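Student: Quick one: this structure, given as structure tokens, is what I'll be asking you about.
Nothing in this text is a laboratory measurement; each read-out follows from the coordinates by a stated rule. Every value quoted in this text rests on a predicted model; they were computed, and no experiment measured them. As a convention, Cβ positions derive from the backbone with ideal geometry for all residues, glycine included, and neighbour counts pool all protein chains shown.
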Number of protein chains: 2
Amino acid sequence: MRIAVDAMGGDDAPRTVVHGAVAAAREDGLALTLVGARAMLEDELARFPEVDSLSIAILDAPDVVGMDEPAVAVRRRPRASVRVAAEAVAAGEAAALFTAGHSGAAVMAAYAAFGLLDGIERPAIAATIPTRDGAAILVDAGASVSCRPQHLLVFARLGAAYASAMLGIDRPRVGLLSNGEEAAKGTPLVRGAHARIAETRLHFIGNLDASELFTGAADVIVCDGFTGNVVLKTSEGLVEAIDALMADEMARSVTAQVGAVLTRGALRRFRARLDYSEYGGAPLLGLRHVCVIGHGRSSPKAIATGVRLTARFARERLVTRLEDGLRETGALRVSTSHGHAE
Amino acid sequence: MRIAVDAMGGDDAPRTVVHGAVAAAREDGLALTLVGARAMLEDELARFPEVDSLSIAILDAPDVVGMDEPAVAVRRRPRASVRVAAEAVAAGEAAALFTAGHSGAAVMAAYAAFGLLDGIERPAIAATIPTRDGAAILVDAGASVSCRPQHLLVFARLGAAYASAMLGIDRPRVGLLSNGEEAAKGTPLVRGAHARIAETRLHFIGNLDASELFTGAADVIVCDGFTGNVVLKTSEGLVEAIDALMADEMARSVTAQVGAVLTRGALRRFRARLDYSEYGGAPLLGLRHVCVIGHGRSSPKAIATGVRLTARFARERLVTRLEDGLRETGALRVSTSHGHAE
């Protein structure tokens, strides 16, 4: 089993990506195909004397979609690294794709190359967010920006199937992100999705206020990709603002300094769980092959974690297990128990 | 000048509200009308021996819209405290309204009683959020949940007029919240609003990624009320999660304990700026009279701050100054400078 790694995606690529990929290949014995500009990749690989003993191949793809370009640019770039990598997976040359590059371009490339699962109308990114006692899945974290109610239903099913298959959560509690808990709250999109999700066999706990995102009140939190992006980016920005606040506090006294080193440590571990660096990435769900999207600012360590996560999803047959899960929640439920959803 | 205070709104009302209102009346010599169930208010006021020397009147309104009820409930409750208070302001019996109750009901009651300013199609809540060096205005923070592009344009104009008139910011920088900075990013709503705002004389800096909310990159951040609610509630929930994290950290060592006391202090001051308790409340903009909405979990001190803020807005003629500001940014701009908006 071989993993295709978009070597040109992310800050300081390809250096950071190659560094992380080599670590994953060395420590886990993974077979990798680095996709990117061959000469650059050869230069980077030459820095690792052990590379000849590892199973690392190069697939030449000289082009890249820059972080400041629109996602659609990938359509005009047949030799963009993320696109060549996705096509290699679709052709059976690799089992799964990892990229820390432009996430919109990654979604578009994977969507075009892999195709959707039966009954799924839109792909969704399932981000893991930290909660007091563990983690929750936020879906969609940015793949599908404009949605209809039916799409949110699909995200609920994908998120629940993922939480159950890959995180081992039995009957995951699914919450719908809204501006308050009552079923009548929300935009027409949210209200329409509420009615549809309530009709499935999912364990739907109704609307969830955003203040409950990190409390562990739900295992799966459903929203459109625009809102999911706002949630994650707001959280990221806020943690950075708080970290800066603590740096100011540390400047005030020696006691504060010692204590703040410790609390900042805790804060940074929290941030690592928020921006994927602890998990390595977020899977793109709903397509016929595995794609994991890492954070653009991934360190070599985060890249290695992301590549390992991608390999795990491929090995444990994420797509097949999602399909099984989707079958279980697809039909209208027969039970009359609606929880407090309505 | 007299301020109408919804005495039945917020946690532990009317006790907390009366306590805070008495403090504001005593310390600032404000004339207040407490609106709520007369007997309850008389009981609460009896706890303050100095009350006879203060200018506090009671307006009987025995009904209340509970936090778990839909906002529209206020339409069926002619004697609900927030509605009676809003109608007293509209009738000229008070100069402005303060409430820490159900914010949706407050918006509906104020909208019905006050009416919209000319050219304004939707009211918006202008929340103040902390930034590294000061504060920014998030508008709409939850008054208008479902919006069209034209509404976001109105929020941009209201927010800029508010920032300029009441916060003294010259030519406030207006950013449009989106899932990335490029002009092409966003839902159809955001893209439509982008085109409209870019045509005004506002100092429009284009789309703003949510990770930039707290950096001070913009003075006014425009979004629909659903997204604004999600931003504020996500931030609130995240700060609470981080505070809990620090409590755990404190349990680990004495040094961490001492240091964490200080950093938690800083965190709590930050939280106070996030949930209105430092500012006392957020003005509802776009209506013909002043309404300030406090946080439901306001302490007596936060209520007092909110009542003072309401009095300040009335005294400084917020509505007239907003109208002046709106006139300045209303016409199409003649300058060809578009910033990096397009």
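Student: Could you work out the mean projected area of the convex hull around the alpha carbons of chain B, in square nanometres to one decimal? Walk me through the numbers before you get to the answer.
Tutor: Values: hull surface 73.1 nm².
Computing the convex hull of the Cα atoms and averaging its projections yields 18.3 nm².
Student: Please list, in order along segment B:138-150, the HN-Hα scalar couplings obtained from phi with the Karplus expression 6.51 cos²θ - 1.76 cosθ + 1.60 (θ = phi - 60°), rounded to whole Hz, x for Gly and Pro.
Tutor: So the Karplus estimates, Gly and Pro as x, are 9, 9, 9, 8, x, 6, 10, 6, 9, 10, 10, x, 4 Hz.
Student: Among B:98, A:48, rank each residue by its count of other Cβ atoms within 10 Å, from fewest to most, as a rough exposure measure. Numbers along the way, then the final one.
Tutor: Details: B:98 35, A:48 17.
So the ranking, lowest neighbour count to highest, is A:48, B:98.
Student: If you take all C-alpha pairs in the protein assembly as shown, what percent of them are over 31 Å apart? Let's see the in-between values first.
Tutor: Numbers: 132769 of 233586 pairs.
Result: 57 percent of Cα pairs exceed 31 Å.
Student: If each label sits 7 angstrom from Cα along the C-beta direction, how far apart, in nm, is residue A:148 from its counterparts in the other copies?
Tutor: For residue A:148, the inter-copy label distances come out at 2.1 nm.
Student: In deg cm²/dmol, rounded to 500, what helix-only [θ] at 222 nm does the protein assembly as shown give when every DSSP H run of at least 4 residues adds -39500 (n - 2.57) and the total is split over its residues? List each step's numbers first, then the result.
Tutor: Values: 20 runs with 298 residues, N = 684.
Rounded to the nearest 500, the figure is -14000 deg cm²/dmol.
Student: I need the P(r) histogram for segment A:2-114: all alpha carbon pairs, bin width 10 Å from 0 out to the longest distance, whole percents.
Tutor: 16, 51, 28, 5
Student: Contact order normalised by length for chain A, with contacts defined as Cα pairs under 8 Å and 6 or more residues apart; what percent is it?
Tutor: Numbers: 735 pairs, mean separation 75.0, N = 342.
22 percent.
Student: If you don't mind, there's one more thing I want to ask. Using a cut-off of 25 Å between alpha-carbon atoms, which lysines can reach residue A:185, once sequence neighbours fewer than 8 places away in the same chain are excluded?
Tutor: Output for residue A:185: A:233, B:233.
Student: Something else now. What is the order of A:28, A:133, fewest Cβ neighbours within 10 Å to most? Numbers along the way, then the final one.
Tutor: Numbers: A:28 13, A:133 7.
If I rank by nearby Cβ atoms, fewest first, I get A:133, A:28.
Student: How much of the DSSP bridge set in the protein assembly as shown is antiparallel, in percent, rounded to the nearest 5?
Tutor: On the way: 22 of 84 bridges.
Of the beta bridges lying entirely in the protein assembly as shown, close to 25 percent run antiparallel.
Student: Run through the DSSP bridge list for segment A:124-274 and note the antiparallel percent, rounded to the nearest 5.
Tutor: Numbers: 5 of 17 bridges.
Looking only at bridges with both residues in segment A:124-274, the antiparallel portion is about 30 percent.
Student: So what's Rg/Rh here for segment B:124-274, counting alpha carbon atoms and using the Kirkwood radius for Rh? Mind dumping the intermediate values first?
Tutor: Numbers: Rg = 17.4 Å, Rh = 16.2 Å.
The Rg/Rh ratio comes out at 1.07.
Student: If you don't mind, another one. Given H placed on each backbone N at 1.01 Å, which residues far from residue B:290 in sequence or on other chains put an amide H within less than 5 Å of it?
Tutor: Hits under the 5 Å cutoff: B:97.
Student: Using modelled amide H (1.01 Å from N, peptide plane; none on Pro or chain starts), what sits under 5 Å from the amide H of residue B:207, excluding residues fewer than 5 places away?
Tutor: Here the answer is B:176, since their amide H atoms fall under 5 Å of that of residue B:207.
Student: Still on this model: Output, in nm with one decimal and in ascending order, the distances from the residue A:321 label point to the matching label points of the other copies (7 Å from Cα along Cα-to-Cβ).
Tutor: Copy-to-copy label distances for residue A:321: 5.9 nm.
Student: Moving to a separate point now. Which distances in nm, rounded to one decimal and ordered from shortest, link the label point of residue B:57 to the equivalent label points in the other identical copies, with labels set 7 Å from Cα toward Cβ?
Tutor: 8.5
Student: Given segment A:169-254, report the % of alpha carbon pairs whose separation exceeds 20 Å.
Tutor: Numbers: 1636 of 3655 pairs.
Counting pairs separated by more than 20 Å, the tail of P(r) holds 45 percent.
Student: Once phi is turned into ³J(HN,Hα) by the Karplus curve 6.51 cos²θ - 1.76 cosθ + 1.60 with θ = phi - 60°, what whole-Hz value does each residue of segment B:209-225 show in order, with x for glycine and proline?
Tutor: Taking θ as phi minus 60°, the curve returns 6, 5, 5, 9, 4, 9, 8, x, 5, 9, 8, 10, 10, 9, 7, 6, x Hz for segment B:209-225.
Student: Spelling out what I want: for every residue of segment B:21-26, take phi, set θ = phi - 60°, compute 6.51 cos²θ - 1.76 cosθ + 1.60 (Karplus), and round to whole Hz; glycine and proline get x.
Tutor: Values per residue, Gly and Pro as x: 5, 4, 4, 5, 5, 5 Hz.
Student: For segment A:104-175, what is the Kirkwood estimate of the hydrodynamic radius, computed as the reciprocal of the mean inverse distance between distinct Cα atoms, to one decimal in Å? Before the final figure, lay out the partial values.
Tutor: Details: mean 1/r = 0.0769 Å⁻¹.
Every distinct Cα pair counted, the radius reaches 13.0 Å.
Student: Check residue B:125: other-chain or 5+ apart residues with amide H under 5 Å from its amide H, H built from backbone geometry?
Tutor: B:141, B:142, B:143, B:144, B:285
Student: Further question on the same structure: Provide a whole-number value for the mean count of partner chain Cβ atoms within 10 Å of the Cβ atoms in peptide B:208-218. Spell out each step's value before the answer.
Tutor: Values: counts 1, 6, 10, 12, 3, 7, 10, 4, 1, 1, 0.
Taking the mean over all residues of the peptide, I get 5.
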